[in-house]
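The values are calculated or read from the model by the stated rules, or taken from the named source; none is laboratory data. Just so it is clear, the model here is predicted, and its values are computed rather than measured. Cβ placement follows ideal geometry from the backbone for every residue including glycine, while neighbour counts extend to all protein chains displayed.
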């Protein structure tokens, strides 16, 4: 069992190790010191720790390897990474591996070390249930409308986001459309030291390139037709604040060059301007495309990608955090009153896949509130696409031995029709088989209708049969009259006459 005040210090500089040990002992903590990775691994295997301070650069190993071993052996131990300025990006990655935080060397403020260690202890106590209270970020999340939920993936994401928010580094948020990238960006801004300054979102895919350039960097009077006065751009307005570049992957290469210059030098030129303008802006970029693939395809500059990708946060799609759906739905409907949600509605929401993610859930919630004339949201207040998917599922064995799920054979057929309508999983190899199965289903259903005494459709008339045969034959032979006539067993003139008679299009 770890001692409640036991701290592991790992640093190859004996002076640093001695300094930290004396500092923390004076504060009432117990310390163990490891000069090498081998020493650290041995201590981790033999002694329990509440907090560890680990240097990234060691002569025999990497601090990240020690962090991994520590988290494997003692997952409740909170790690503080010590890093030089040149390895800040690696230290930020350590947070994603489970580190509590990082501190840069050389240490300029001793009180910062003490405060960070105390915070690590407090966080460990809260996580292990030794003390109550909410997460540090909960108040900020509530204020910004960032509904984290109860999934470990989202809790970890919020924890990492809150930690890196305090660092003056750029952030890249990735996630499908509608997952809440702008809400996460606002949360990071609110948790940062820039929270008292401006937060400005810009959708890089919503404006033509010439307008986007003027929007971002401003323009001088007379820079182009209609520029009757000087106009400040968003980079200038957002000075000391945060700029959220949504869909940054949609920005053209000329804009990417200008963005890179701002990130590298902190200055830019207004459109038509000659004098550089200084700015201090934190960039949070977001995209629903794979920027690494865009770099490989030469659609996105590699140097800009690495400038933006200092820390990457991945927002999971709603289908991967379904246990949060009832909480989210109740939060959205509570904006307009105190409504209840029926169990059938909750089940329907959980059964749906949510391709539009949280944005789609918000729309469904607003629609349900608008249709509800009582105090309970019912299935009739939901769209058909939600209700259809929520039918009780049973197993159906398909021809290839796979198990499909459906509430009934009719639901299965409806699902198959939707799949065919959108061309899902259809190939040159299986489409003929699908067509044959479809015909057999029609024949078997007609037989069952007769057995059940259900009136089926009337047999087609000779005219209907003829029209269908001619139309399908012409389509098959791509309108070739001679070939179609031979296939039908009639002359070309007869085929021409019937095409005219039935009003068919060639």
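Please determine whether any residue of segment 73-83 is surrounded by fewer than 19 Cβ atoms within 10 Å (Cβ to Cβ), free of Cβ contacts under 8 Å to residues at least 40 places away in the same chain and closer than 22 Å to residue 16 by Cβ. For segment 73-83, residues surrounded by fewer than 19 Cβ atoms within 10 Å (Cβ to Cβ), free of Cβ contacts under 8 Å to residues at least 40 places away in the same chain and closer than 22 Å to residue 16 by Cβ: absent. The residue of segment 188-214 that is farthest from residue 139 (Cα to Cα), among those that are out of contact with any helix residue (DSSP H, G or I) (no Cβ under 9 Å at 6 or more places or on another chain) and loosely packed, with under 15 Cβ neighbours inside 10 Å, is 210. The residues of segment 169-197 that are free of Cβ contacts under 8 Å to residues at least 40 places away in the same chain and assigned to a loop (DSSP other than H, G, I, E, B), listed by number, are 193, 195, 196. Residue 162 fulfils the conditions (1) surrounded by fewer than 20 Cβ atoms within 10 Å (Cβ to Cβ); (2) touching a helix residue (DSSP H, G or I) at 6+ places or on another chain (Cβ under 9 Å); (3) in contact (Cβ under 8 Å) with a residue 12 or more places away in the chain except for a single criterion, (1). Just one of the listed residues (499, 470) is closer than 26 Å to residue 420 by Cα and touching a residue at least 12 places away in the same chain (Cβ under 8 Å), and it is 470.
Working carefully through the options 291, 263, 253, 308, find the one that is in contact with a strand residue (DSSP E or B) (Cβ under 8 Å, 6 or more places away or on another chain), in the same structural domain as residue 168 (by TED's automatic domain parsing), farther than 22 Å from residue 168 by Cα and modelled with pLDDT of 90 or more. Answer to the selection: 291. What about residue 185, is it in contact with a helix residue (DSSP H, G or I) (Cβ under 7 Å, 6 or more places away or on another chain) and within 23 Å of residue 135 (Cα to Cα)? It is false that residue 185 is in contact with a helix residue (DSSP H, G or I) (Cβ under 7 Å, 6 or more places away or on another chain) and within 23 Å of residue 135 (Cα to Cα).
Yes/no matrix, rows are residues, columns are (1) at pLDDT 80 or above; (2) at negative phi; (3) under 54 Å from the mean Cα position of the chain (by Cα):
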site: 442; (1), (2), (3): no, yes, yes
site: 460; (1), (2), (3): no, yes, yes
site: 465; (1), (2), (3): yes, yes, yes
site: 468; (1), (2), (3): yes, yes, yes
site: 480; (1), (2), (3): yes, yes, yes
site: 491; (1), (2), (3): yes, yes, no
site: 504; (1), (2), (3): yes, yes, yes
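Residues in segment 356-380 that are touching a residue at least 24 places away in the same chain (Cβ under 8 Å), over 30 Å from residue 288 (Cα atoms) and touching a helix residue (DSSP H, G or I) at 6+ places or on another chain (Cβ under 8 Å): 372, 377, 378, 379. Would you confirm, using the coordinates I've provided, whether residue 98 is in a loop (DSSP other than H, G, I, E, B) and either loosely packed, with under 12 Cβ neighbours inside 10 Å or at pLDDT below 80 (or both)? It is false that residue 98 is in a loop (DSSP other than H, G, I, E, B) and either loosely packed, with under 12 Cβ neighbours inside 10 Å or at pLDDT below 80 (or both). Helices (runs of 4 or more DSSP H) fully within segment 1-95 that include at least 2 residues being closer than 25 Å to residue 108 by Cα: 14-26, 63-73. Among the residues of segment 319-355, just one is in contact (Cβ under 8 Å) with a residue 40 or more places away in the chain and not in a helix (DSSP H, G or I), namely 321.
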